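A.B. asks: My questions all concern the structure below.
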Amino acid sequence: MDFSEAFRFGGPTPVYSPDCRFLASAADYRLVVRDVESLQVVHLCSCLDRISHIAWSCDSDHILCTLYKRATLQVWSVRQSGWSCKIDEGAAGLRYARWSPSGQHIIVTADFQIRMTIWSLADKTCRHIKGPKFPCKGLEFSPEGDLMAVAERHDCKDVVTIYGTKTWKPEVAVAVPTTDLADIAWSPDNCCLLVWDSLLTYKALVYSSDGDLLTSYQAYSDALGIKSTSWSPSGQMLALGSFDQEARLLNNATWAPLAELSHPASLSEPASVIMYKEVEEGQEAAGKQQAHSKAQPPKHRPSGTEPKSRYIIQQLPVKLPNQKPPLDKPNPKLGVGQVAWSCDGSHLMTMNDNMGSCAWIWDMERMELGTVLQQSSNILSIAWDPRHLRLATCTGSGKIFMWSPEGASCIHLPMPNFAARALTWSPDGSSLVLADRDQFCVAYFAE
């Protein structure tokens, strides 16, 4: 693996273009576009204010910069250096903006969810949708890009409306039986729309694209409910993570549970589980594992003194670090807060939030736990390679961690005073952006 030098940035994490040719970053009010291979600056644009959000159009031609403080959007073209566009939302305010799949429209949510506006870059017209429930979520385009589902709130009731993206007119409106709708998600096969309730109620509803209810699933009642969801790449399975520290798998044929994946603090089975534990230089690698009440946060050390790390394989049974959340505070760090499928659907990664230093990797062919990665610090960012079967992790240290079926490795970054706090894969899986608070670098994989 090769690493670039570190570059300064301010604002959102740098974003790859969909065609993997460019990398866009913000430096306060300036938009900096670099060539991914050489990291040379190819475009430099000045915005009116500090950039809050960056998004590429699907054709990698236009870049959307959101300036929340000014309630303004600025759009720049990579191919036509002289072309630009500005959209001022004025008194309505601006909470969020995103591209349509065609790259010809921008969808903007106003302050207090007063309205959603669809701006056309082709003919400079706009359409309004009243009553979106959320500013940043509750809007999903179908994988084929022909439908847009929007969670709305009308007369104190949740409604999901499906719009056609050619006319932007409603095609289906469904009054969903939720107490407080949390979010929605299309299946990758374009056939189903998942709707789930707030954390106070365990309820998952699956609708067809025509608005027909296919199933209503409730694993239990009178307890905190769904915390995370993820469709498998084929759309044949649905993973639901919940506050009871379990992830449940549903199949799209009968919508019955295929498996319940538990996350116990004491792990003794199955016997085939590979347990990787990160140990730092100076730590005692041999001997019995000590139980920790919680994962320790990253320690800040002077430049060049951060210890080296490596993985050791532990024998079962083992005790995992388990933090008991305070009962008197909202949004407890408890339950399965992340579920994510590998690119081929052969593995599922889960994270139990009260075990923040551990990542669980499940073998979907055997429907059982395959690997557990235990880091010395809480995991800050973890993501699957979009094209290859490998998983990248960072913990806010000068290291990143890679897992594949062949094994796990710890990779030390060559830059001093660089702590990887966030990571993003390129769409083709050939490189990674690693971000600290105010600097980033790119890690390249050898062919």
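The values are calculated or read from the model by the stated rules, or taken from the named source; none is laboratory data. A quick note: this is a predicted structure, and the numbers were derived from the prediction, not measured. As a convention, Cβ positions derive from the backbone with ideal geometry for all residues, glycine included, and neighbour counts pool all protein chains shown.
A.B. asks: For ARG115, state whether it is touching a His at 6+ places or on another chain (Cβ under 8 Å), closer than 19 Å to THR72 by Cβ, modelled with pLDDT under 95 and surrounded by 15 or more Cβ atoms within 10 Å (Cβ to Cβ). Spell out how you get there, then give the answer.
C.D. replies: Numbers: touching a His at 6+ places or on another chain (Cβ under 8 Å): yes; closer than 19 Å to THR72 by Cβ: yes; modelled with pLDDT under 95: yes; surrounded by 15 or more Cβ atoms within 10 Å (Cβ to Cβ): yes.
In short, yes.
A.B. asks: Conditions first: (1) part of a loop (DSSP other than H, G, I, E, B); (2) acidic (Asp, Glu); (3) in contact with an Asp or Glu (Cβ under 9 Å, 6 or more places away or on another chain). ASP222 passes all but one, so which condition is the exception?
C.D. replies: Result: ASP222 passes all but (3).
A.B. asks: Now for a different question. With the requirement that a residue be in contact with a strand residue (DSSP E or B) (Cβ under 9 Å, 6 or more places away or on another chain), outside any strand (DSSP E or B), within 22 Å of VAL206 (Cα to Cα) and among the hydrophobic types (A, V, I, L, M, F, W, C), what does segment 232-286 give you?
C.D. replies: The answer is PHE243, TRP255, ALA256.
A.B. asks: Residue by residue through segment 412-431, note down the ones that are buried (at least 17 other Cβ atoms within 10 Å of the Cβ) and either out of contact with any Cys (no Cβ under 9 Å at 6 or more places or on another chain) or among the charged types (D, E, K, R) (or both).
C.D. replies: Passing the criteria: ARG421, THR424, TRP425.
A.B. asks: Here is a further query. Looking only at segment 230-264, how many residues end up being under 20 Å from ASP183 (Cβ atoms) and among the acidic types (Asp, Glu)?
C.D. replies: First pass over segment 230-264, keeping only residues under 20 Å from ASP183 (Cβ atoms): 230-233, 235, 237-244, 246-250, 252, 255.
If we keep only those that are among the acidic types (Asp, Glu) too, we end up with 244, 246.
Matching residues across segment 230-264 total 2.
A.B. asks: Still on this structure, please answer the following. So, LEU48, is that one over 30 Å from GLU5 (Cα atoms), of a type in the set (A, V, I, L, M, F, W, C), touching a helix residue (DSSP H, G or I) at 6+ places or on another chain (Cβ under 8 Å) and part of a loop (DSSP other than H, G, I, E, B) or not? Spell out how you get there, then give the answer.
C.D. replies: On the way: over 30 Å from GLU5 (Cα atoms): no; of a type in the set (A, V, I, L, M, F, W, C): yes; touching a helix residue (DSSP H, G or I) at 6+ places or on another chain (Cβ under 8 Å): yes; part of a loop (DSSP other than H, G, I, E, B): yes.
No: the conditions fail for LEU48.
A.B. asks: Just to check your reading of the model, which residue among ALA122, ALA91 is of a type in the set (A, V, I, L, M, F, W, C), part of a loop (DSSP other than H, G, I, E, B) and loosely packed, with under 15 Cβ neighbours inside 10 Å?
C.D. replies: From the options ALA122, ALA91, the qualifying one is ALA122.
A.B. asks: Let me ask something else about it. What number goes with the only condition from (1) part of a strand (DSSP E or B); (2) touching a residue at least 40 places away in the same chain (Cβ under 8 Å) that LEU199 does not pass?
C.D. replies: With (1) part of a strand (DSSP E or B); (2) touching a residue at least 40 places away in the same chain (Cβ under 8 Å) applied to LEU199, the lone miss is (1).
A.B. asks: While we're looking at this one, here's another question. Which of the residues spanning segment 394-427 are touching a Pro at 6+ places or on another chain (Cβ under 8 Å), in a strand (DSSP E or B) and under 16 Å from PRO307 (Cβ atoms)?
C.D. replies: SER397 - this is the single residue of segment 394-427 that is touching a Pro at 6+ places or on another chain (Cβ under 8 Å), in a strand (DSSP E or B) and under 16 Å from PRO307 (Cβ atoms).
A.B. asks: Which number in (1) in contact with a strand residue (DSSP E or B) (Cβ under 8 Å, 6 or more places away or on another chain); (2) surrounded by 18 or more Cβ atoms within 10 Å (Cβ to Cβ); (3) not hydroxyl-bearing (Ser, Thr, Tyr) marks the one condition that PRO386 misses?
C.D. replies: Answer for PRO386: the failing condition is (2).
A.B. asks: So which residues in segment 199-230 are closer than 24 Å to MET349 by Cα, of a type outside the set (Val, Ile, Thr) and buried (at least 17 other Cβ atoms within 10 Å of the Cβ)?
C.D. replies: The answer is LEU199, TYR202, LYS203, ALA204, LEU205, TYR217, ALA219, LEU224, GLY225, LYS227, SER228, SER230.
A.B. asks: Sticking with this structure for a sec: Within segment 95-112, how many residues turn out to be outside any strand (DSSP E or B), buried (at least 16 other Cβ atoms within 10 Å of the Cβ) and of a type outside the set (Gly, Ala, Ser)?
C.D. replies: Residues meeting the conditions: 3.
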